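Written below as structure tokens is the structure these notes are about.
A short reminder: the numbers here are calculations on the coordinates, not readings from a lab. Note that the structure is a prediction, hence the values are computed from the model and not measured. Neighbour counts run over all protein chains shown; Cβ positions are idealised from the backbone, glycine included.
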Amino acid sequence: MTQESSHERGRAHRVVVIVDENSNPFELGCATEVFGLRRPEIGRELYDFHLCSPEPRTLMRDGFFTLTGVAELALADTADTLIVPNRPDVEVPRRPAVLDAVRRAHGRGARLVGFCSGAFTLAEAGVLDRRRATAHWQWADSFRARFPRVRFESDVLFVDDGDILTAAGSAAALDLGLHVVRRDHGAEVANSVSRRLVFAAHRDGGQRQFVERPVPELPDESLAPVLAWAQERLDSPLTVATLATRASVSAATLHRRFQAQLGTTPLAWLTSERVALACRLIERGESRFELVARRSGLGTAANLRTLIRRETGLTPSAYQRRFGPGPN
């Protein structure tokens, strides 16, 4: 079920979170923060957000608190996007009623999202067979043993497999949530939400789950200064060598620092930042794609088309129709 179809019905895209016994409060908070809060600075409602549960009282993880006052599980049948339960006791089977709700949602074309161990819920429901998915790295062996028909990817932040999306543990839920916002509403809106969160607007799903963060030695080896410098000059002919020179290190050292601090390569980061800038330019009304390509540092319209399609699944023209100025 697409974002457009919910607009055609005259309402915002409905996101429903199923909360079940021993669910993790953190991922519930991530979903609420990204999809549930009103964004007056954006000027329109992005999502129609709800919680539901199979029981009137739901004891959350380790008995931290009891959740009451949410809708019945039947509300899951109205979701355009359904976020499934996740919890630390991955070996305990999920409730049949919850699994049935997931299967029904999948059968009618709703988008399914699993944060962290939510991938176990999706796999138990049988909707992940022959599909790509991820979860926290510590459960990789257990997941593969129980669900050998799922194409489990253990070293990524999140997996977007079209109508089913899964995220690794903890903060990757925010990465996936912002990715969904970006997919639904474009880069500009996703950036606005990320600013409210004080969180990185876009970390690619292919980045590694575990990023080494050693205690820094003097002099400061933070990449922040060179990243900020590069973001102001994306239209310039920047290369990995240029970034290394700016950081006063060799290209090999810069590569190691990117891998350690960001979990990606300098070239991949630079390309991602340029694509994000190109998307923002299109959203702000620039329709001359050759100019967009030059101003974002992507060079040519052909390169722009290739990279935007790879990143968003849309051609620049389709991206403009969907996220450009005008009725949305």
Phi to ³J(HN,Hα) by Karplus 6.51 cos²θ - 1.76 cosθ + 1.60 over segment 316-325, Hz, x for Gly, Pro: x, 5, 5, 4, 5, 5, 7, 10, x, x
Nearest 10 degrees, 0 to 90: helix 187-197 Cα axis against the chain principal axis: 70 degrees
Three principal axis lengths of the chain [C-alpha, angstrom, descending]: 58, 49, 36
Amide proton proximity set for HIS136, modelled H, under 5 Å, gap of 5+: SER117, GLY169
Residues listed by number, segment 95-127, amide nitrogen under 15 Å from ALA74 label point at 7 Å toward C-beta: 101
ILE18, ILE164 arranged by Cβ crowding within 10 Å, fewest neighbours leading: ILE164, ILE18
Cα gyration tensor shape for segment 3-197, rounded if a/c is under 1.5, else prolate or oblate: rounded
Ranking of LEU254, LEU122, LEU227 by count of other Cβ atoms within 10 Å, fewest first: LEU227, LEU254, LEU122
Full-extension gain in nm, ARG130 to ALA252, via 0.36 nm per residue minus C-alpha separation: 40.1 nm
Extension gain from ARG233 to LEU59, taking 0.36 nm per residue of separation minus the Cα-Cα distance: 57.6 nm
Convex hull volume per residue for segment 40-103, taking Cα atoms only, in Å³: 131 Å³
5 angstrom amide H check on THR264, placed H, neighbours 5+ away: GLN259
Where GluC sites (Glu not before Pro) in DSSP loops with at most 10 other Cβ within 10 Å are excluded, longest remaining stretch of the chain: 92-211
Overall Cα dimensions of segment 217-328, principal axis frame, Å, largest first: 52, 23, 20
Expected 222 nm ellipticity per residue - DSSP helices of 4 or more, -39500 (n - 2.57), all of the chain, to 500: -12000 deg cm²/dmol
